[in-house]
Amino acid sequence: MTPKLRRQQHGLTLVELMVAMVAALVLMAGAIQVFIANKTTFRTQEGLGRMQESGRYAIERIGRSVRGAGFFGCAGMDAVTPKVLASNPPADLAEFTTGVPVAGLDDVGATNDFDAAEGTDVLTLRGAGDEGVGLTGSLTAIDVDIPIATGYDKFEKGDLVLVTDCQTADLVRMTNDYGSGAVEHSNSSNIDSNLSKPYGADAYVLKPYGYSYFVKDAGRTNTAGKAIRSLYRRDLAGNDAEIVEGVADLQVLYGVDSNADRFADRHMSAAQVNAAGAWGEVVSVRVSLLVDSVESVLQAPANYLFMPSGASPITPADADDRRLRQEFTGLFTLRNRTL
């Protein structure tokens, strides 16, 4: 082998190796940049999707309760005043006898009965209709069991139930286990076992509800250590259930019908409605929710719009809060006040 051929078979020079390494690093840096960009885009899209899903779900849940508020079987709370026979009824149950299907609190303070976030609103809705079943026959006396379908399992011992025929209504506490084909209302859990009248087969038995929606700290933090707020719902028994996380604020306006034409003439806050004594004139509810992405998905904090500030952008109070935020609004009519 000639010296020339041996020189051609020698390895890379140091300069060539350095050039190759630099080229490889440039390519790797480009690939890393593409990966980071794709990951950032994915996280943003994921946060946006989660936020929209949470917002739509929360608005739908509240809207369903608003639309059904005041329903008492085949009549509204304004038309039928129930007689309360149940012993030790929840404090909020008294509102069922005054025909007030909707109420609220405006910009609650730091200390409140719901432990709601300061400055947020509380919306309370009442009615009867979550569960219901018709009678299987007429009552023979005012103190006998109320006959319903055997195996019906939506009522259970201790539940408050409403029996009504659109003209009369009684609120009793069920004193037997579900599934027996009857609703017993003995003196053991009722101040009187006698109903207002012996109801006919055209009557219904319903479960009354009183739901209060509010926003509070969920007691958790995201991966960046930021506190998470959630939408909660409290029932008549005082039990709080978390509906959906990532709801940072709740603001409510009430449509008041001041001329009895079944259309809202103006929208007022809870404080304004209360001052005017106009809860009996509320025919619609405008709900605004501020929903966030829970996790930090933005590269930097971003301003957002929300109802209380009008058109003025709001800057996050925490300069390191990089959550995505969006307002969700729904205007719902109380069907039992407008039909």
Pairs of Lys in the stretch 95-232 closer than 28 Å at Cα, counting only those 8 or more apart or on different chains: 7
In whole percent, what relative contact order does the chain give with Cα contacts below 8 Å and a gap of six or more residues? 18 percent
Folded to 0 to 90 degrees: helix 14-68 orientation relative to the chain principal axis, Cα: 10 degrees
Build a GNM of the chain with springs between Cα atoms under 10 Å: which of Val66, Val285, Val133 gets the top mean-square fluctuation? Val133
The stretch 233-321: relative contact order as a whole-number percent, Cα under 8 Å and 6+ apart: 26 percent
Stick to Cα atoms and the Kirkwood definition of Rh, then tell me Rg/Rh for the chain. 1.27
Glu242 versus Asp265: modelled label distance in nm, points set 7 Å from Cα along the beta carbon direction: 4.4 nm
Please list, by residue number, every one of the chymotrypsin sites (Phe, Trp or Tyr not before Pro) in the stretch 229-296 that is coil in DSSP and has at most 14 other beta-carbon atoms within 10 Å. Phe263
Excluding same-chain residues fewer than 8 positions from Lys83, which aspartates and glutamates have a Cα within less than 20 Å of its Cα? Asp92, Glu95, Asp130, Glu131, Asp143, Asp145, Asp159, Asp165, Asp170, Glu184, Asp192, Asp202
Report, for the chain, the % of DSSP beta bridges that are antiparallel, rounded to 5. 95 percent
Per-residue Cβ contact counts at 10 Å, fewest first, order His267, His185 as His267, His185
Filtering GluC sites (Glu not before Pro) in the stretch 45-124 by DSSP loop and by at most 11 other Cβ atoms within 10 Å leaves Glu118
Please list, by residue number, every one of the trypsin sites (Lys or Arg not before Pro) in the stretch 260-339 that is coil in DSSP and has at most 16 other beta-carbon atoms within 10 Å. Arg262
R0 of 51 Å, Cβ-Cβ distance Glu46-Ser87: FRET efficiency to nearest 0.05: 0.50
Using a Förster radius of 51 Å, what is the FRET efficiency between Lys157 and Asn303 based on their Cβ-Cβ separation? Nearest 0.05, please. 0.45
Choice from Ala300, Ala276, Ala29 showing the highest fluctuation, given a GNM over the chain with Cα pairs closer than 10 Å: Ala29
Listed residues Gly200, Gly47, Gly70, most fluctuating in the chain (Gaussian network, C-alpha, under 10 Å): Gly200
By the scheme Lys and Arg +1, Asp and Glu -1, what is the net charge of all other residues having a beta-carbon under 10 Å from that of Ile146? -3
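Quick note: the coordinates plus some simple rules give every number you see, no bench work behind them. All values derive from a computational prediction rather than experimental measurement. So basically every Cβ, Gly included, is an ideal-geometry build from the backbone, and we count neighbours across all protein chains shown.
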